[in-house]
Structures are given as C-alpha cells and as structure tokens.
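Colleague: One structure coming up, written as structure tokens, with questions to follow.
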Amino acid sequence: MDAKVVENIYLLVIVTLISVLQNVFFAQKVERECKSRNANASTFDRVSCANRNCMDAYPTFLAVMWCAGLCLNQAPAAFAGIIYLLVRQKYFVGYLGQTSQSTPGYLFGKRIISFLFLMCIVGIFNYLLLRYYGSDYKEYVETITNAASTLLLIP
C-alpha cells in the first residue's frame with residue numbers, strides 16, 4: 001500500500017480496530033451471560049439488548065467516521081471516534097444497571113454522530129466548491145473542526 005494513503009488513514013484504521021475489539025468484548029459478555037446457569041432472564045435480556053443496540057448503530061458510526069476522515073480531516077474524526085467508543089462503553093455498562101442509566105451515553109453518542117455527519121457534509125461541500133468554483137477552504141475548515149472536536153468533551 002502506498003505510504004501517502006496510509007498516512008491519510010492510519011488514525012481511522014486504529015479507531016476501527018479498537019471498535020472491533022470492543023465488539024468482541026460485548027459479544028463475550030453476552031455469551032458469558034447466556035452460559036451462566038444462575039443468571040436470571042432479565043440480566044441476559046439487558047445484556048443482549050445493549051449489545052443489539054450497539055450493533056445497530058455501529059455501521060452508521062463507521063460510515064460517518066470514515067467519510068469525515070477521508071473528506072475532511074482524519075485527526076478530529078478519529079478523536080470523535082475514540083470519544084464515541086468511550087460513550088458506547090458507558091452506554092453498554094449503563095444498560096446493564098437500569099435502562100435509565102444508559103440515556104446519557106445514548107444522547108452523547110447521538111451528538112458525536114451528528115458532529116461526524118456535519119464533518120462529512122462540510123468536506124463534500126468544500127470539495128464541490130473546489131471542483132466547480134476553484135475555492136478551497138479546507139485549511140479554514142480543518143482549523144475549525146480541530147477546535148470544535150474538543151467541544152465534544154463537554155457533557
């Protein structure tokens with residue numbers, strides 16, 4: 001693979017691999033609860049439901065993270081991806097207690113997905129401006145997204 005290509009995607013690849021490990025952890029937790037003989041059905045149902053909810057949002061997360069990283073800038077996209085994985089862990093663990101404990105993780109995750117989606121739109125819009133009008137605002141937009149990505153830490 002070309003070194004220039006790897007330079008532009010290595011952070012996204014690292015976040016993707018970490019997310020795969022997290023999915024393995026979630027699946028093992030479900031399997032452990034399934035095999036546990038003394039577990040009640042409600043515990044298994046909560047673990048299974050939390051895993052299913054995380055897996056339902058996973059393709060959307062990967063798509064917007066990769067699109068944001070490729071269309072605009074990989075650093076803030078990867079940072080948002082790491083924060084999303086932490087939030088998803090909080091959601092999963094919160095779901096094991098009471099379902100109301102998972103709500104903050106869910107809402108925070110939606111905000112991160114929205115940020116990544118906005119990065120995608122801005123990156124595509126900048127590409128279209130460059131292609132059809134010769135105006136490239138990528139440096140300005142990258143500066144703004146680098147600064148705005150730190151705002152994701154505010155709960």
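Laboratory data are not the source of any read-out in this text; all were calculated from the coordinates shown. Everything quoted here is computed from the prediction, not taken from an experiment. Quick reminder, even Gly has a Cβ in these numbers, built from the backbone with ideal geometry, and neighbours come from all protein chains shown.
Colleague: Based on DSSP H assignment, which helices of the chain show an axial Cα extent of at least 15 Å together with a mean Kyte-Doolittle hydropathy greater than or equal to 0.5?
Modeller: Numbers: long enough: 3-35 (47 Å, 0.80); 41-71 (45 Å, 0.46); 74-96 (33 Å, 0.87); 103-133 (44 Å, 1.12); 138-150 (18 Å, -0.48).
Sorted by number, the helices that extend far enough and score high enough are 3-35, 74-96, 103-133.
Colleague: Roughly speaking, what is the stretch gain from Ile154 to Ala63, that is 0.36 nm per residue apart minus the C-alpha to C-alpha distance, in nm to one decimal?
Modeller: Details: separation 91, 0.36 × 91 = 32.76 nm, distance 2.38 nm.
Once the chain is fully extended between Ile154 and Ala63, it gains 30.4 nm.
Colleague: Also: How do Cys34, Cys67, Cys120 rank when sorted from fewest to most other Cβ atoms within 10 Å of their own Cβ?
Modeller: Cys34, Cys67, Cys120
Colleague: For the charge dipole of the chain, defined by +1 on Lys and Arg C-beta atoms and -1 on Asp and Glu C-beta atoms about the Cα centroid, which residue among Leu17, Tyr132, Phe92 has the Cα displaced farthest towards the positive pole?
Modeller: Of the options given, the answer is Phe92.
Colleague: For a label point 7 Å from the Cα of Ala75 along Cα→C-beta, name the residues of segment 114-155 whose backbone N is under 15 Å from it.
Modeller: 138-151, by backbone N distance to the label point.
Colleague: Taking the Cα-to-Cβ direction at Ala147 and at Glu7 and moving 7 Å from each Cα, how far apart do the two end points lie in nm?
Modeller: Computed distance between label sites Ala147 and Glu7 equals 2.7 nm.
Colleague: For the chain, what is the charge dipole size about the Cα centre, in debye to the nearest 20, if Lys and Arg each add +1 at the Cβ and Asp and Glu each add -1 at the Cβ?
Modeller: Details: 13 positive and 9 negative charges, 117 e Å.
For the chain, the charge dipole is close to 560 debye.
Colleague: Tell me, in nm to one decimal, what length is gained between Gln28 and Thr103 on full extension, where the rule is 0.36 nm per residue of separation less the Cα-Cα distance? Numbers along the way, then the final one.
Modeller: Numbers: separation 75, 0.36 × 75 = 27.00 nm, distance 2.31 nm.
Answer, rounded to one decimal: 24.7 nm.
Colleague: Right, something else. Restricting to lysine pairs 8 or more places apart or on different chains, what number in the chain have Cα atoms under 26 Å apart? Display every interim value, and only then the final one.
Modeller: Details: Lys4/Lys138; Lys29/Lys90; Lys29/Lys110; Lys35/Lys90; Lys90/Lys110; Lys110/Lys138.
Number of lysine pairs found: 6.
Colleague: Only counting other Cβ atoms within 10 Å, I'd like Leu12, Leu107, Leu151, Leu72 sorted with the fewest neighbours first. Could the numbers behind the result be given before it?
Modeller: Details: Leu12 20, Leu107 12, Leu151 9, Leu72 25.
Going from least to most buried by this count: Leu151, Leu107, Leu12, Leu72.
Colleague: If you don't mind, another one. Which Cys residues of the chain have no other Cys beta carbon under 4.7 Å away?
Modeller: By the Cβ distance rule, which asks for a partner under 4.7 Å, the isolated cysteines are Cys34, Cys49, Cys54, Cys71.
Colleague: If each of Cys49 and Phe125 carries a label point 7 Å out from its Cα toward its Cβ, how far apart are those two points in nm?
Modeller: Taking the two extended label points, one gets 3.9 nm.
Colleague: What number, rounded to the nearest 500 deg cm²/dmol, is the helix-based mean residue ellipticity at 222 nm of the chain, given -39500 (n - 2.57) per DSSP H run of at least four residues and division by all its residues?
Modeller: Values: 5 runs with 131 residues, N = 155.
Computed ellipticity for the chain at 222 nm equals -30000 deg cm²/dmol.
Colleague: Here's a follow-up. Taking the beta-carbon count within 10 Å as an exposure proxy, list Tyr95, Tyr10, Tyr133, Tyr58 from fewest neighbours to most.
Modeller: Numbers: Tyr95 22, Tyr10 12, Tyr133 8, Tyr58 16.
Exposure proxy ranking, most exposed first: Tyr133, Tyr10, Tyr58, Tyr95.
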